[in-house]
Amino acid sequence: MEFTKMHGLGNDFIIVAGEERLPEGAGELALRLCDRFFGIGADGLVYILPSAKADFMMRIINSDGSESEQCGNAIRCVAKYVYDHKLIDRTEITIETLGAGAQKVQLTVEDGEVSKVRVDMGAPVLQGLQVPTTVDADPVVDYPIVVDGREFRFTAVSMGNPHCVIYVDDAVGFDLHAWGPKLENHPFFPRRVNVEFATVRSRDYADMRVWERGAGPTLACGTGACATLVSSVLNGLTDRTAVISLKGGELLIEWSEADNHVYMTGPAALVYTGTVA
């Protein structure tokens, strides 16, 4: 199998193109290939497939073998891949995901290669049961959650996949390993959840660190950055456009008042290509 290793701000993926459908055993394959000691190493295995409603379809298998409905960093990598590999020659394309349907993507091209990608991530889902959480509120904002005797307060957002955003004094130094898995698997979240720990620095800038459902701590999470911006607006902490700083770099996130959609702009990069038996 030929593959391309790519990353979006350090959130890395094994990209596979040419299949007609998601192969059987994709979860087991992801477990093997994403292992950083015995495999290629990645946060996820991503297939670029044909789509009946968009230019391409993206399916994302997490490093634990589960499937994700959406991934903001992966969609930027896929967009760069299809243009740089001349599978399409337009700079405005659509990519279908399970969680958000056909998404509009704009490419910035320099010297014949994609340098930056702007993705229409769609409208955030804020109704608690639809995120999903077990909390029947719309929206779920600053809601208490207790883990091992410690109370956090979270805001729930779905960007095609579920997120809970929690504000802490120092997101950069926060102990993800201690609290991330416990929150991911809390009974409030029937399909588990991506957990973002955020610290707002100004009306247009916030630090965020993420514990991703099915992958653990990653250097970046595009949908998590979008959820953090939406949450920060709902909590009155930022304006509707802000830079979200992740461990792997920065993303510009906009929540448009005109169409209620969230727009994410950031880079994607090639690491290497190879084959695996």
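The table below gives the values:
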read-out	value
Highest-MSF residue in the chain out of Ile145, Ile244, Ile93 [GNM, Cα springs under 10 Å]	Ile145
Exposed-loop-free span, longest in the chain, where GluC sites (Glu not before Pro) count as exposed if DSSP calls them loop and at most 12 other C-beta atoms lie within 10 Å	25-256
Candidates Thr108, Thr155, Thr133, ranked by Gaussian network fluctuation over the chain, Cα under 10 Å, top entry	Thr108
Residue range of the chain that is longest and free of chymotrypsin sites (Phe, Trp or Tyr not before Pro) which are both DSSP loop and sparsely packed (at most 13 other C-beta within 10 Å)	39-277
Taking N as its residue count, the alpha carbon Rg of segment 37-102 over 2.2 N^0.38 Å	1.14
Antiparallel content of DSSP bridges confined to the chain, in %, to 5	80
Shape category assigned to segment 118-257 from the gyration tensor of Cα positions, a/c cut at 1.5	rounded
Helix-only CD estimate at 222 nm, as mean residue ellipticity for the chain, using -39500 (n - 2.57) per DSSP H run (n ≥ 4)	-4500 deg cm²/dmol
Cα-based shape type of segment 87-149, given that a ≥ b ≥ c are square roots of the gyration tensor eigenvalues and the cut on a/c is 1.5	prolate
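No lab work stands behind these numbers, since they all come straight from the coordinates. Since the structure is predicted, the reported quantities are computational estimates derived from the model, not experimental observations. Glycine also receives a Cβ, built like all others from the backbone with ideal geometry; neighbour counts cover every protein chain displayed.
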